[in-house]
Ligand code: BES
Ligand code: MN
Ligand code: ZN
């Protein structure tokens, strides 16, 4: 699918070659804009109240007399803020499910679209037309091929177009891998996907296997992988957009390609959904795909511990004590709390990079689903500034998160008589105690944890991966590139030479 910008005078909209036009209509549309054909449709629609107020309310005109496009959807977008534009585009796209709709025009003449709203519109069009076909070849592939965004002037929108495209590429890669069933997304396949992406996009990858991971002393990660016939993989990705010496941001993605619970086995109902338990890993891959397109001035490392959590003769048992890479010992009281076991060793590994920031992304706890549902990801960080940056990134990318507490009192339940810590506390505040566990492996790091158990996929009829939080992570990294001293220095230099 292709997104493009086209400068077009309002009076030429009727001649736009497309199967459908989506006309964004703000609450108070500019009465003079839009060209005579559009005004002829718009005026009565507004006068009769046929086009209701409220973002996403649509009025379908078919056929659309005077227009080259046979279908025209008028859709409300309030004042054109990103949330409203996303709602509007989603509403319009639901009217355009027909397979004959291969090319749409997004008409923005009635409002002043800004780059962030454009990126939101592009993401919404992609989301509305996404189809997973890898294991369902009979599914009708996406019929939309091209989206042309038209405005009087387009120069100020280019950045939004590029961001939108890269975000979509990242989200769709994440959705693809998270949607794949576990037999089509083993740790080895995930590692191959990272390698392939690195080759195509121009970043370094390195893949470690069981022996190397054992040599590193990652006893907690190894313990989870023991129960599976699929060998573990530890995937390392390095995107270099700044000078070599610049401290990177490290992203750590939980890559449990299937979570049965292990010996503490999960109930049968809904267990298929545990193929999404590598949603964190998928979001790191997706973020790297987007980074490679936008090439911000920043170094980013991606770490993915990938394995299955299976019950087996070799599997870890409740009560087993393992030694993590940090040297701290862990009593595994519940083998279903495996995410934190693979992440803790990856967090210890992350310190090697002397990173400026470490962010882990994980479908970590059912408790987070109960706390925040599918609307906001859980955000945990002891660093107020980092938390504020991630929150802001989530808001502007329409991929929001919500900060949760990390008081030390929450760690009480992790105490063990047989090891430095247990891997679970009680039922209460389960997403917080999981974060407290991870925090024990982040001494000296500027660290944040995103629990995406509720946001990475949807259950029910719309079952499938969402690609979250790629948009949040990408937005954060782009802002972070602007905050680097190097970027600041080069900005100052440019300003100086201008004088
Ligand atoms: N992958 C699950 C978390 C999860 C559960 C994600 C439901 C999405 C939906 C994780 O490995 C897990 O099993 N967590 C346990 C922890 C418990 C044993 C302390 C949970 O949340 O029940
Ligand atoms: Mn589990
Ligand atoms: Zn899990």
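Bear in mind these aren't lab numbers, they're just calculated from the coordinates by the rules spelled out. Because the structure is predicted, anything quoted here is derived from the model rather than measured. No Cβ is skipped: glycine too gets one built from the backbone with ideal geometry, and neighbour counts run over all protein chains shown.
When peptides 425-436, 453-464, 218-229 are sorted by average Cβ neighbour count within 10 Å, with the highest value leading, the order is 218-229, 425-436, 453-464.
For the chain, the longest principal axis of the C-alpha atoms and the axis of helix 384-396 are separated by about 40°. Using a ≥ b ≥ c from the Cα gyration tensor of segment 47-106 (square roots of the eigenvalues), is it rounded, prolate or oblate, where a/c under 1.5 gives rounded and otherwise the larger of a/b and b/c decides, a/b for prolate? Since a/c reaches 1.5 but b/c is at least a/b, the shape of segment 47-106 is classed as oblate. Spin-label model, residue 214/residue 329: points 7 Å from Cα along the beta carbon direction are separated by 2.1 nm. Extension gain for residue 2-residue 50 works out to 14.0 nm (0.36 nm per residue, less the C-alpha to C-alpha distance). Extension gain for residue 142 to residue 463 (0.36 nm times residue separation, less C-alpha to C-alpha distance): 113.8 nm. Each label was represented as a point 7 Å from its Cα along the Cα-to-Cβ direction; for residue 83 and residue 265 these points are 4.5 nm apart. Note on the chain: Cα-Cα pairs beyond 31 Å make up 47% of the total pair count.
In the chain, the DSSP-assigned H stretches of four residues or longer account for a calculated mean residue ellipticity at 222 nm of -11000 deg cm²/dmol, using -39500 (n - 2.57) per stretch and the full residue count as denominator. Taking a ≥ b ≥ c as the square roots of the eigenvalues of the Cα gyration tensor, an a/c ratio of 1.5 or more together with a/b no larger than b/c marks segment 339-433 as oblate. What do you get for the angle between helix 35-47 and the principal long axis of the chain? Use alpha-carbon atoms, 0 to 90 degrees, nearest ten. The answer is roughly 80 degrees. In plain terms, the chain from residue 482 to residue 247 could stretch by 83.2 nm, reckoned as 0.36 nm per residue minus the Cα-Cα distance. Against the longest principal axis of the chain, how steep is helix 279-294, in degrees 0 to 90 to the nearest 10, with axes from Cα atoms? In the chain, helix 279-294 runs at an angle near 50 degrees to the longest axis.
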